[in-house]
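One structure is given here, and the rest of the page talks about it.
Taken together, the values in this text are just the output of simple stated rules run on the coordinates, not laboratory data. Being a predicted model, the structure only gives us computed values, none of them experimental. Here the Cβ is made from the backbone with ideal geometry for all residues, glycine too, and neighbour counts use every protein chain on show.
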Amino acid sequence: MPRTSHARIVTTPMASLPEWQPIEGVAPLAPAGDGRGRVVALVATEGAMAKLWAPAAALDLARAWSAHGERVVLVDAVLNRPTLQEAAGVPHREGLADAVLHGASVERVSHPVDGGHFFVVTAGTPVADAGAVALAPRWHRITAGMVEAGVTMLMLLRDGESGTAAFLGSASDIVVLADPAHTQPASVRDLEPLVRAVAGPA
């Protein structure tokens, strides 16, 4: 009985998503300096986060896409369990939650990385309800402003985390960060047409 019960809650294989590829292969998905802004969700599976490579992969994508001519801002939208500040080596003080809920300016919470080639915004002050940040009017003004300015915003999200589903409502594109054997993240179900790649370390 326990095995049968467990089988009913296992997520489905990623058959309906693009074929898995090494993270290096995702760099050409950047629209190479065409000036269009967009919001790209990087949805990491629980396994990708547990193995601690997802934040580094997000930084690698930010570097690669900025090298393609994109203006890139990488945002840690895992508000309850942030990891990006350590991977990027930036202070974890004010961040996304402070910009959205407390009026801190985006410039104030953005940290230059690699000599200013791109910027990182940490999660910021802990919040009780991460979904409230994603649904706040100021969040939508921030994302709209970045898109209008031609900025590519990368949002690091964790599958199953509070707020992930709400943040995905702002995404124009999704990249799933996963090992080859991982199953499809529950948070991208019904959003398969937005998934441009499934990738992880080679």
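Worth pointing out:
- Restriction of the trypsin sites (Lys or Arg not before Pro) in segment 26-120 to DSSP coil positions whose beta-carbon has at most 15 other beta-carbons within 10 angstrom yields Arg36, Lys51, Arg93.
- Amide H contacts under 5 Å for Ala104: Ala99, restricted to partners 5 or more places along the chain or on a different chain, H placed in the peptide plane at 1.01 Å from N.
- In order along segment 155-167, the phi-based Karplus estimate (6.51 cos²θ - 1.76 cosθ + 1.60, θ = phi - 60°) of 3J(HN,Hα) comes to 10, 7, 10, 10, 4, x, 7, 4, x, 4, 4, 5, 5 Hz; Gly and Pro are listed as x.
- Residues Val151, Val106 arranged by fewest to most Cβ contacts within 10 Å: Val106, Val151
- Under the Karplus curve 6.51 cos²θ - 1.76 cosθ + 1.60, θ = phi - 60°, whole-Hz ³J(HN,Hα) for segment 106-122, x wherever Gly or Pro sits: 4, 4, 5, 9, 9, 10, x, 10, 6, x, x, 5, 8, 10, 10, 10, 6
- Residues whose amide H lies under 5 Å from that of Leu154, counting only those 5 or more places away or on a different chain, are Val40, Val73, Leu74, Val75; hydrogens are built 1.01 Å from N in the peptide plane.
- Largest GNM mean-square fluctuation among Leu156, Leu29, Leu168, using the chain with Cα springs under 10 Å: Leu29.
- Ellipsoid semi-axes for the chain, based on the Cα gyration tensor and the rule √(5λ), read 26, 20, 15 Å when sorted largest first.
- Neighbour cut-off at most 13 other Cβ (10 Å), DSSP loop, trypsin sites (Lys or Arg not before Pro), segment 135-202: Arg189
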